[in-house]
Each structure stands twice: as structure tokens, then as C-alpha cells.
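This report refers to the structure that appears directly beneath it.
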Amino acid sequence: MSAHAVPAADPSAAHREPIKAGLDAAALEKILVEQFSAKRDTRDRWNLTLIVARDRLRDAVRHLRDDAALRFNQLLDVAGIDYLAYPGHRGARYAVTYLFKSTVFRHRLALKVELDEDDAVVATLSDLFPIADWAERETWDQIGIVFSGHPNLKRLLNHHEFVGHPLRKDYPCQKRQKLSVNDPMIDQLEGVLLAQGWQVLDRGATGNGIPPGAPGTSLAGPGSESQPAPTGSNTGAPR
Amino acid sequence: MKALSPAGELVELMTINVGPSHPATHGALRAHCALDGETIIAAACEMGYLHRGFEKMIEQGTYQMVLPYTDRLNYCSAMMNNIAFCKAVERMFGVTVPERCVRVRVVLLELSRIIDHLVCVCANLVDLGALTNFWYFFNVREEVYKIWEKLCGARLTNTVTRIGGMYRDVYPAFADDVLAVLPLVESAVAEVRGLVEKNRIFIDRTKDIGVVTADQAIAWGWTGPCLRASGVDRDLRKDEPYYGYDEYTFDTVIGQTGDTYDRIMVRMIEMLESASICRQALAKLKPGPINTSDARLSLPSRSQVYHDMEALINSFKLIYEGVRPPAGECYDALEAANGELGFLIVSDGGTNPYRIKVRPPCFTQWAAFGPMMQGAMLSDVAAALGSINIIAGELDR
Amino acid sequence: MTYKPVPLPPGPAPGPAKPDQRGSENLLGDTVVTSTAEALINWGRRNSLWPFPFGTACCAIEFMGTVSSMHDLSRFGAELVRFSPRQADVIIIAGTITYKQAPILRQIYDQMCEPKWVISAGACATSGGFYDCYCTVPGIDEIIPVDIYIAGCPPRPEAFLEAIVQLQKKVDRETLRVSQALGTEPRRDRIAVGA
Ligand code: SF4
């Protein structure tokens, strides 16, 4: 502990212990291969990534998070990859890579799920890791992977009138899309209220002058309109 | 809006939109809040107002052409992003940079951390109305800018590293200049601490405001100073040492409660630790080559180019095509000023990156901001927002 | 307090006044300065430009540097940074403008009171910079009229100062008549600095 640090009264000493040595890549691989029939990613030359089938993903993640010897308690990032233009690539077009890290042990791991073009759907992790909520929204926005069971799968980086998914390889880099009005975000706010047990009776005059029922402002809850149909087609770009 | 509370009361909630053009949101963040009186009942946060297509743009050019874009991720500490990206690509090549380069990079990393924290803390204090500290801190930042200018000519967006080394070796008086700046940092920190640390107004506005407990911070994936302020002693420099950080003696600075006060103070004191690392690294700085000799990354010397056919071809290839990391996928991270800054690089063996996903440290902080502010007062938003240091450039990319 | 007229200085001997002696300066001595309303108002406007920093990205950090004590924007009467568009005279767009941001920028510009001026700081605001991408506006002059363009990525603080000085010169040249009589904006001549 630092000599400078604010003297600690002591709430959670466990968090101040030095990090423990973790499992090495081979041991992690063994666990995941045996219990979740994962396989090593052939592209991974840095001993990090394992591929799991998408129906085993949630089990694997729950195990990684909760097992006393693993404790992968941080989801660092969710990255979608589109292999459309990858030279010599065969197999599923999309992949989602989840990066995990532990604050208890010194080990890291990436799990990868491969997704076919016409069925780019994977179960959400937003109930296991709160940060997955936004990270998955970003992946949906940028690559167009649908996360089933996600509470509010809205665009995160692009504006709400955007069509298509810019990081797909068939989206032209300079294809600009203008925005006419900003998202009033009333539906999102109501979603947060609903999730806390509030009940919105009347939007009143506070909806920025937007009449109830205007597009994108449904009272029915968050994401009821933005929840996309699980389809692989990229409406924003011609093939 | 009229709403029924969970307890069944009928409450008239006021909705108020903060940002994106609001002084405390620094131009690119938006929080839509529902208020009961002055208390925030619910907050929906939005981002993307500075989404400028970093990940799409860098697929259009070579690996070297990514470097200027990385400057503009966290523009308060541009060099850190340069170094983080170069480190990730070097990891793909399996190349280690020469010792002199490592030492110089450590000095640059820590100086960048200092100036990042300077901006974060002073902007936070300005949001609280403590304008004087802004002048104190920015004077020091200007002194560091002078070093940057001598190093590469630019003040803010430096692009000073190259894959496999540096743009050039540091100038002869570099060490003296850095050693002259460090006392200014320390005295500025001392002055500002003297102004705020025991200041009643400051304490009232920051103590127990925006509290994030250790478990919450971990669950949200927080890293860096904000995680440490919540009392979790995790720092990549200690836990997974790179660039010889295990050779330096320094302390990780941790808070106890994870409130706004702790986050500001952790940053403040981290600057002192960084200054000490700078001194240690400079003491170990020895003459030597600054760029790796690996022909896949570094240009051959001019005399070789003029006399050796292979060197000539290599030089042509590197300049016209750029470097070609081996095909595959690799993730590498370092402890940036805001937390873990990582790059997941997918290479197809070609000269252009196939896909690069940045793991921006403040994404996790901003995602947690809405839940963090529930139950707080509206005026606390500015204080808490400044303390988690959201840099829109890296948040939205 | 009762008003006491200031005694007039003894004038020239009575007689038919010559045309150049009839001005109020001749009557009142050096207690007054005469000017045109236009020059007076422009003088006031020029020396108290209150900027609204619409800073979104890296350029805004350099604007902070410009305001700080080393470069000291207040030497040019423009240090009173206002975050309300209603109180600002000049909006400084420092940073990349994306399509998501564009309606907000337009709204803020519309909320500013006349007379108002626009400084586009940096490559991004001026042309989109090196972000030629699906989400960036290629220059804010697609959205709002611009008076001063500053080159640089980011512009140095000196360039910000130069922009303020150029804007002051421009304010001096402006006439009240066009905007008052027609209710339209004065014709904007565009100036580039810092290149
Ligand atoms: S012009 Fe350069 S420094 Fe300014 S906002 Fe654009 S990228 Fe950033």
C-alpha cells in the first residue's frame, strides 16, 4: 500500500492483496476443452483465444466467472469481427470475441463465438456482466450481431436514423448518412424507470414536445422498435 | 412526466437533458435525467457524438498510418496511445525494442500520465467552480508541451513513436528538461492540494458523491485510477509488468470509498508517483540504439541503402508497403492514464490492418455513470462526471 | 443633484461661422469625442467578443491552452467564455463534428443572438480533417456559415489568437445597415488563418 495513500480504515482488504499467479494458457485450454468442448483458435498465435459453440457460451462464461480457481470477474471488451474479406477464409462470416480478465489471478482469456451470416445471433451476457449491455449494443451497431435477450439493443455510436452496420466489410467507408433530428431518448429514460419498478403514466409536456406515439418514442418500453429482426442482410450497403 | 413510484406514490417527475453541449460534459456526452425535486431518479446516458469512425478509417491504410489516428483517441495523453499501439504490433512481430527505447518510452508514458491527470483534475475542479487550479495546472502542462515541441514539433498530437522504436532519438538535453519539469509538477500538485484538500466547499461537493464500491467497479469492468479509487489495488504496471516497470519502485495509489474525492486525490498523488518513475527511468537511460534492428520493422541506414541491393529493396518495401505483421489475432494492453488501453488486432498478413478493436478505458466508466448517479443530486453530476475522466475521443472512437 | 450646464469655453468672436467651426467638438472642446454610431458599436463589439467554445475533441484541449495563462486570450478581450449561446458573440467550433452532433450545432447556432460570428478551428471543423468517414461532417460550413477558418490539427494557441485578431478586424469592417434594415446576415467574407 502506498505511503501516500489515504489511510485506510479497512473495508475490503481482499481487494488490496497482491494479485495471485493464475493459470497458464494450457491449463485454461484444458478446462474449457474438457468442460465446454472449446477448441483453440487456429488464428491465435498468442495463446489467448478459445472458440466455443454459441450455445455453450453462457455456461462457459458463468463458469469462468464463478469458479474459485478462475474468477474471470471482468469483461473487458466485446469485439465483433467480419471475415468477409479475409483472404482464404472459409466458414462463418462473423465472430464475436469476448475478452476476460481477473482481478484475483494473473490470467487473461478471450472467448470467441463464430456466427453464420444468415444467423448472426448470440445470447446476451448483459445479465452476467453489466458492462456487456453497452458493449453488445456497440457490437450490434457496428457489425450487426444480434444479441438475443438483450434488454435494450439500440445503436450506441451511430445516430438512430443510421441504416446498416459500418464495420461490415461491405459497407463503403465514405457512405455518409445524415441525421434530421436528435433522438429524444424518452424511451430509454422510461426504460430505466421501468427497470426500477416505476410506472410512467403520462409523458406530459416533458417529452421535448414530442407527442406520445411519435416514431422512436414508444411508451411500451425500451428498444421495442429498435429490436431488429435477426437477419444477416446489411440493409445499408449494396452487395 | 407523471409516474408511479415503486412504493405506489404518484410523483410528478421532471425530465432534464444534460448535454451534449454542456460545459461539464465536454461537448460530447449526454445524460437524460428524470428528477424528483433535485434528486435524480433515473438517468439514461448516451454517447457517440464524437464517433468519427476510427476503426473504419484505420482499415483503409497501413499500420504506420494508424499512428496519427491513435493520437486522437485520448488526446490528453496522445503519446500513451502511440506507445500502446506500437507495443501491440510489436507483440505480434515478437519484437522487443532496444533498452534505450524502453526507457524513453517509460519516461514519455509517465509524463503523459502526468499531463493527462493534470487536465482531468483541473477540468474537474473548474466544473466545481475552483478556477484558480486550472491556471496552476495548465502552466505545468505548458512546460511539458515545451518538451514535446523540442521532441517532435507538435504540442498535442505527437505521433512520436514508430512500430519498432521511435521517430528519432531524444534530443541531447531531454533528460535535463524532464528533470526540470518534475519539480514544477510536484509544486503545482502541492499548491492545488493545499487549496482543495481541506477546503470545506470542495469536501462537501465531492465526499460521498458518486460512490462506486469495489465490487461494483469490478463488475463494471473498471480499470485504472477509478478502480483504484474504489480500493482495488490493481495496476497493470505492477500486475503484468511490461517495459521493466518491475525495476522501478513506486506505489499504487488507492482510495477507500470510491467517491469523487478519492478519484481526484488518487489522480493527484499518482502524478507524484509518476514523477518518481520518470526520475528512476532517466537515471537508467543509457546511450544505445533507439530502433530495433529487425529488418521487418526498421529502415536500413542510408549508407546500407546506397551500397546494398537487399537493403535498398527492404527500404522500398517498408516505405511503399509498410510493415506486415504475421496473420492472426492478438490483444495487448497497457496501463494508460485512464485505465487499461488495449488493442485487439486482427491481421491477415497484409499491409493494412484487417480489423482493430480498441478497448477504451473510459467506456466502462461512462456505461456505469447512469446507475452511479441514481439517487444523487443534479449538481453532483458535474462533480462526478469530471472525476471519472471521460475523454470523448477514446470513448466514441 | 441639480444639473449645472458646463460653461462653454469662450468661442471665437461672433460673426458668420465658418463651416468647419460648427461641429460639436468646436463647441464642446475636448470633453467629447464624436464618431459614427457604427464605429462606436463596432468598437464595443470588437473588444468584448464573448466566445462560446463548442469544443468536442482534441482542438478543445488546445483552446483550453489558449485560455490558460501562458497564451492568455483575455489580452484580446475574449476571455469571458460563455457556455450559453444566448450570451455569446462568437462560437468557436473546436473539434470534429459528426452527423450525430450536427443538428445540435445548428440548434446552438440558431440560439445565438445577432450579431454572431463563427470560427472554425482545426482541420476537422473546417474540412472533416483526416476523418473521411461515414459519420463525420466534411466541414461545418455544410451546416452553418463560417467567418474564420483556422488551419492545424490542432491549431496552435497562436493561431487561435490570430483568429480572434482577424475577427476583430472583420467586426470593424461590418456595417450595421444590412443586418438592421434587411434583417439578413451581413455578407460573410471568409478568412483563413494559421496556415
Ligand atoms: S483537427 Fe485534429 S486536433 Fe482538431 S479535432 Fe480534428 S483531429 Fe482533433
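Any read-out appearing in this document is the output of simple, stated calculations on the displayed coordinates, not a laboratory observation. Being a predicted model, the structure only gives us computed values, none of them experimental. Please note: Cβ atoms are built from the backbone with ideal geometry, for glycine as well, and neighbour counts cover all protein chains shown.
The phi-based Karplus calculation (6.51 cos²θ - 1.76 cosθ + 1.60; θ = phi - 60°) puts the 3J(HN,Hα) values of the range B:136-142 at 4, 6, 6, 4, 5, 4, 4 Hz, whole numbers, x for Gly and Pro.
When shorter helices are ignored and each DSSP H run of at least 4 residues is given -39500 (n - 2.57), the per-residue value for the protein assembly as shown at 222 nm works out to -11000 deg cm²/dmol. Partner lysines whose Cα lies under 20 Å from the Cα of residue C:170, excluding those fewer than 8 positions away in the same chain, are identified as C:116. Taking chain B as a Gaussian network of alpha-carbon nodes connected by springs under 10 Å, the highest mean-square fluctuation of the residues B:207, B:357, B:317 belongs to B:317. Note that the range B:106-116 has calculated 3J(HN,Hα) couplings of 5, 4, 5, 4, 6, 5, 5, 4, 4, 6, 5 Hz, one per residue in order, obtained from phi through the Karplus relation 6.51 cos²θ - 1.76 cosθ + 1.60 (θ = phi - 60°); glycine and proline are x. Ranked by how many other Cβ atoms sit within 10 Å of their own Cβ, fewest first, the residues B:362, B:152 fall in the order B:152, B:362. Legend: distances between Cα atoms for A:39/B:317; A:101/B:357; A:39/A:101; A:178/B:87; B:146/B:286; B:207/B:238; pairs beyond 25 Å are A:39/B:317; A:178/B:87; B:207/B:238.
Starting from the eigenvalues of the Cα gyration tensor, five times each then square-rooted, give me the equivalent ellipsoid semi-axes of the range A:1-160, largest first, whole Å. Write out the running numbers ahead of the final one.
Values: eigenvalues 186, 87, 39 Å².
Semi-axes from the Cα gyration tensor: 30, 21, 14 Å.
Share of pairwise Cα-Cα distances greater than 25 Å in the range B:146-277 is 43 percent (whole percent).
Largest GNM mean-square fluctuation across B:225, B:172, B:68, computed for chain B with C-alpha springs under 10 Å, falls on B:172.
In vacuo Debye scattering of the range B:54-395, one point per C-alpha: log10 I(q)/I(0) at q = 0.11, 0.15 Å⁻¹? Debye intensities relative to I(0), on a log10 scale: -0.72, -1.25. Look at the alpha carbon pairs under 8 Å that are at least 6 residues apart: their mean separation over the length of chain B gives a relative contact order of 26 percent.
What you get for the protein assembly as shown, charging only the Cβ of Lys and Arg (+1) and of Asp and Glu (-1), is a dipole of about 1400 debye around the Cα centre. Neighbours of residue C:154 by Cβ distance under 15 Å: Lys/Arg scored +1, Asp/Glu scored -1, total -1.
The angle between the Cα long axis of helix B:78-93 and the main principal axis of chain B comes to about 50°, on a 0 to 90 degree scale. Using Cβ point charges alone (K and R +1, D and E -1), the dipole size of chain B about the Cα centre works out to roughly 940 debye. Neighbour counts of C-beta atoms inside 10 Å place B:54, C:130 in the sequence C:130, B:54, starting with the fewest.
Calculated from the alpha-carbon coordinates, the protein assembly as shown shows an Rg and a Dmax of 28.9, 118 Å respectively. For chain B, the longest principal axis of the alpha carbon atoms and the long axis of helix B:260-283 meet at an angle near 20°. Remark: spin-label model distance residue A:119-residue C:86 equals 5.9 nm, labels positioned 7 Å along the Cα→Cβ axis. In chain B, a dipole from Cβ-located charges (positive for Lys and Arg, negative for Asp and Glu) runs towards its positive end, and of B:48, B:356, B:93 it is B:93 whose Cα lies farthest in that direction.
For the range B:70-115, the fraction of C-alpha pairs farther apart than 14 angstrom is 51 percent. Dividing the C-alpha radius of gyration of the range B:58-208 by 2.2 N^0.38 Å, with N its residue count, gives 1.19. This ranking places C:34, B:62, B:260 by how few other beta-carbon atoms lie within 10 Å of each, fewest first, which gives C:34, B:62, B:260. For chain B, the longest principal axis of the alpha carbon atoms and the long axis of helix B:309-320 meet at an angle near 20°. Across peptide A:190-201, the average count of Cβ atoms from other chains found within 10 Å of a residue's Cβ is 6. Once the convex hull of all Cα atoms in the range B:187-249 is built, its volume per residue stands at 119 Å³.
Seen from all directions on average, the range C:113-153 presents a Cα convex hull projection of 3.1 nm². When only the Cβ of Lys, Arg, Asp and Glu is charged (+1, +1, -1, -1), the dipole of the range B:104-180 relative to its Cα centre reaches about 260 debye.
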